[in-house]
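The values are calculated or read from the model by the stated rules, or taken from the named source; none is laboratory data. Note that the structure is a prediction, hence the values are computed from the model and not measured. Neighbour counts are summed over all protein chains in view; Cβ atoms, including those assigned to glycine, are modelled from backbone coordinates with ideal geometry. Keep in mind that these areas ignore ligands, DNA and RNA; they rest on the heavy atoms of the full protein, side chains included. Shrake-Rupley method; radii C 1.70, N 1.55, O 1.52, S 1.80 Å.
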Amino acid sequence: MRLLISLLLLTLTAACHAEKGSIHTCSLTSDTLNFVTPTSDNIANTFWQKDVDGYESINRLHIAYKDGSVAVVEHKYCLMYNFEIAYYASTTNELSDGKKFSETLKSFFNYSAVQDASIQNAVSAMIKRFEEKGFDADSALATAHDDSTQDNKRAEYSVSYMSIEDSSVHRAALFIYMGIGGEH
């Protein structure tokens, strides 16, 4: 019985080790993506941080704005590309109405390491939904867009916005996600 248990444990250990040591061929690499470091009069500081999550590489850009706002832009990639932004605004000036919100959203999607017309179409569709819902800088609002194709090419987007009443540091938060590739 002890021999059976020992063999079982040895088999499980070997299987776990084989999975951890498996090699993933990434179709997306830092050489195939175009990472953007924005420059603007309202940016005080930027810095990049590299990380790894399993077999996926992560390039994370931290942006500190002169007005106290901050953004973290994350590019996670290997077999698919995930793009996320968490933006905390110190004022709601640039998010105060639908037009300013739209401009801010478009500018953040320009930080994506992947650019094509379908991304701009998805951003336009989400902006239209925000306008239809009646964007209000004092209210929370979220929308998503699925741009997946019949041949299993996946593309999904989401944007959420909320005002922050209980903070003396930030007044609003904007969260952006885009995932391209992978499987359904």
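Assorted remarks:
- Residues (touching a strand residue (DSSP E or B) at 6+ places or on another chain (Cβ under 8 Å), in a loop (DSSP other than H, G, I, E, B) and closer than 30 Å to Asp31 by Cα) located in segment 152-165: Lys153, Arg154
- Lys76 falls short of the stated requirement of being open to solvent by 10 Å² or more (accessible area, probe 1.4 Å), among the basic types (Lys, Arg) and modelled with pLDDT under 95.
- Options Ile119, Ile176: the member that is closer than 22 Å to Ser40 by Cα and among the hydrophobic types (A, V, I, L, M, F, W, C): Ile176
- Filtering segment 137-148 for residues that are at pLDDT 90 or above and either over 17 Å from the mean Cα position of the chain (by Cα) or within 26 Å of Val52 (Cβ to Cβ) (or both) leaves a non-empty set.
- Residues in segment 86-125 that are farther than 24 Å from Ser168 by Cα, open to solvent by 50 Å² or more (accessible area, probe 1.4 Å) and not aliphatic (A, V, I, L, M): Lys99, Glu103, Lys106, Asn110, Gln115, Asp116, Gln120, Asn121, Ser124.
- The residues of segment 126-141 that are surrounded by 13 or more Cβ atoms within 10 Å (Cβ to Cβ) and hydrophobic (A, V, I, L, M, F, W, C), listed by number, are Met126, Ile127, Phe130, Phe135, Ala137, Leu141.
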